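Following: one structure in structure tokens, then a few remarks.
Nothing in this text is a laboratory measurement; each read-out follows from the coordinates by a stated rule. Keep in mind that this is a model prediction, so the values were computed, not measured. Cβ coordinates were reconstructed from backbone atoms using ideal geometry, including for glycine residues, and neighbour counts include every protein chain displayed.
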Amino acid sequence: MRRVPRSITYPWMASSEFDDDSIPVQTSFPDRLKLALLCLLAFLAIGTPTLLARNVSPSATFFNQALALGGWGVFLSCLFANSRWMAVSGVLPAVAALGLMAFGVLMSCVLERLPLSLAMSSLGLLFAAALTLAGGFVVSRGTQRQAVFLAVCLALLVAGLVNVGLATVQTFMPSWAGSDWIASPGAQGRAGGNLRQPNHLSSFLLWSIVGLVWLCDTLLEKAERHGRVLWRVVAMLALAVLVFGDVLTVSRTGTVCVVMLVLWAIIDRRLSLFSRVLLWLVPVVYVASWIGMSLWADATSQTFIGGTQLHKADPSSSRFGIWANALSLLREQPWLGVGWGEFNIAWSLTPFPGRPVAFYDHTHNLPLQLLVELGLPLGLLAMGLLAWALWKGLRASMLAADADVTMVRATFLMVLIMVIHSMLEYPLWYAYFLLPTAFALGLCLGCSTPSDESTPAATPGSSRMRHALIIASSLLMAGTAFSLFDYLRVTRIFSVDDDSTPLSRRIAQGQKSIFFAHHADYAAATVATRPSTAWKAFRRAPHLLLDTRLMMAWATAYAEKGDVERARYIADRLREFRNPDSAEFFALCDKPRPPGIPEPFQCKPATRQFTYEDFKLR
């Protein structure tokens, strides 16, 4: 059995007694109460956003993200109020990378006409990420870091197990899903839990497995001898449940990360034998669950698309195509990029005859996203700072003190899982992934150098920093509360039950929203009988997502204003998407017309060349 050095003490222990066989944990009632409160706050920030099923149009994830932002605001304010070591210089390069992105947002507003509502949302998320980075670093330099990480891991484990239960219902009893408690499955044969996206659930369950392994490695060996067998059985059952849930997502990214967990067991000799056994069991349970689900699907004529996912004609699911298009845009705009948040409008309004037919608002690759939106100079600088932070995190995982080495490696692995996921999607654009990742990175970076726990509890500098960080956390909570109120103003537009107020008035009220006015503009542009009467709505709405309805309305609005060439250009781009929803729009070209009736504008291609810049309205 692995022995813990006698010099190690844990902050949630009132006293620590060491002998050859076990390390009993004795805690006083106040300590247990503090730890319980810490776990509750961590679950509020990390767990509850992944379990909320209820959302209202126009966003399917806003309530989840607001819950994450508000929960982290509460969690961080409590951590800052109880921390002694308040310097945050160790995360300044990583924060500087976020600062460069914020600068890119402002430049996009000035140069690319990014709507202020979209810019404010991006700036708010970047601010929250920088604050959470600082929070992780501050915690790592204090005596409570192990207790805080314990709370984080418990939150991940509990939320992960509950989400597996939801995914099981979505897979085996789909008629029970689709309510305010259990979201509908994201795709046939694939479960997404209440996160709604299978790949998102897969990454969260992988985080849960990392948390479970750390809990076993840190706490299980300290349990009384007669209780170890029971807790080991419980841990193995929990692992099997989490891996089975990952299989239900049929995520290829999850499969890659399963291999990474095995590498952790092989490389990290500081893990206990039981922890390594848990990690070695992951691929075994994964393969067994995959085979079991395939057999179940064959026996019951149900759907399990595991084999289909592995044998797709396009293994990248159109990612190769969108990456090639993004590189073309980068070649056209190498210095300043297309502007932060402007990839969708630039890509949609640039001729790509062989484009992927889905409407993409992201490149599905983090480095490429930064480069195409920020340009090569700013994008490379931001990527360099992030790469530096990852390198420092790797160094910390190799050189951390004995008491913290397993925790640091677990946090680095959590960050690495999200890095891998970000090479194929954009999970960090969601607050419930961005903030835990930032916190884990800050915690990891803080352990890159030995902490000075003898630092005086109160100095003028630390006091000012503490007050500043608490105020920042309070601003995060207040901003989240305001955004919730602001969002509810817009939801009235899409409510089918609101008959008391005319739709036009609800849209006008929604257009006054600070963060979500673009949704109201979308409604104004797409419901107007004559889209040209809602011309102002096209200043903001196309910057969120150009879909079929909006492109048809925009082209029609140009035609009604007499700008037929621009109308035809947008119709040409819409035709490239080959979307069934536009079939009726183009079917007008095949219908017979009475004499004297001109041919619809969408029936002929544009004869002038435009760029996406020609369609950004002032």
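Suppose R0 equals 25 Å. What FRET efficiency, 1/(1 + (r/R0)^6) with r the Cβ-Cβ distance, do ALA297 and TYR426 give to the nearest 0.05?
Values: r = 30 Å, r/R0 = 1.21.
Approximately 0.25, to the nearest 0.05.
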With a/c under 1.5 counting as rounded, go ahead and sort the range 289-421 into rounded, prolate or oblate using the C-alpha gyration tensor (a ≥ b ≥ c being the square roots of the eigenvalues; past the cut-off, prolate if a/b is larger than b/c, else oblate). oblate
Descending packing, highest mean Cβ count within 10 Å first, for 527-536, 435-444 is 435-444, 527-536
Placing each pseudo-label 7 Å from Cα in the direction of the beta carbon, THR168 and LEU116 end up separated by a distance in nanometres of 5.1
Report, in debye and to the nearest 20, how large the dipole of the range 353-492 comes out about its Cα centre when Lys and Arg carry +1 and Asp and Glu carry -1 on their Cβ. 260
Partnerless cysteines, meaning none of the other Cys C-beta atoms lie under 4.7 Å away, in the chain: CYS39, CYS78, CYS109, CYS153, CYS216, CYS257, CYS444, CYS447
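Between GLU560 and LEU475, what FRET efficiency comes out of the Förster formula 1/(1 + (r/R0)^6) with R0 = 56 Å and r the beta carbon distance, rounded to 0.05? Spell out each step's value before the answer.
Details: r = 45 Å, r/R0 = 0.80.
Given R0 = 56 Å and the Cβ-Cβ separation, E is 0.80.
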Treating only Lys and Arg (+1) and Asp and Glu (-1) as charged, each at its beta carbon, one finds that the chain has a dipole about its Cα centre, in Debye to the nearest 20, of 600
With label points set 7 Å from each Cα along the Cα-to-Cβ direction at SER57 and PHE586, the distance between them in nm comes to 2.6
List the residues of the range 53-80 whose backbone N lies under 19 Å from a point placed 7 Å from the Cα of SER317 along the Cα-to-Cβ direction. 60-61
Once R0 is set to 25 Å, what does the formula 1/(1 + (r/R0)^6) return for the Cβ-Cβ distance between VAL234 and SER184, expressed as a FRET efficiency to the nearest 0.05? 0.20
Can you tell me which of 341-348, 203-210, 297-304 comes out highest on packing, and rank the rest after it, using the mean Cβ neighbours within 10 Å? 203-210, 341-348, 297-304
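Using a 10 Å cut-off on Cβ atoms, rank the peptides 275-283, 288-296 from the highest mean neighbour count down. Walk me through the numbers before you get to the answer.
Values: 275-283: 19.7, 288-296: 15.0.
Packing proxy ranking, top to bottom: 275-283, 288-296.
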Using a Cα distance threshold of under 23 Å, what count of lysine pairs results for the chain when pairs must be 8 or more residues apart or interchain? 8
So for the chain, taking the charge dipole from beta-carbon charges (+1 Lys/Arg, -1 Asp/Glu), which of PRO353, ALA403, SER294 sits furthest toward the positive end? PRO353
Could you work out how far apart the two model spin labels at ASN82 and VAL496 are, taking each label as a point 7 Å from the Cα in the direction of the beta carbon, and quote it in nm? 4.7
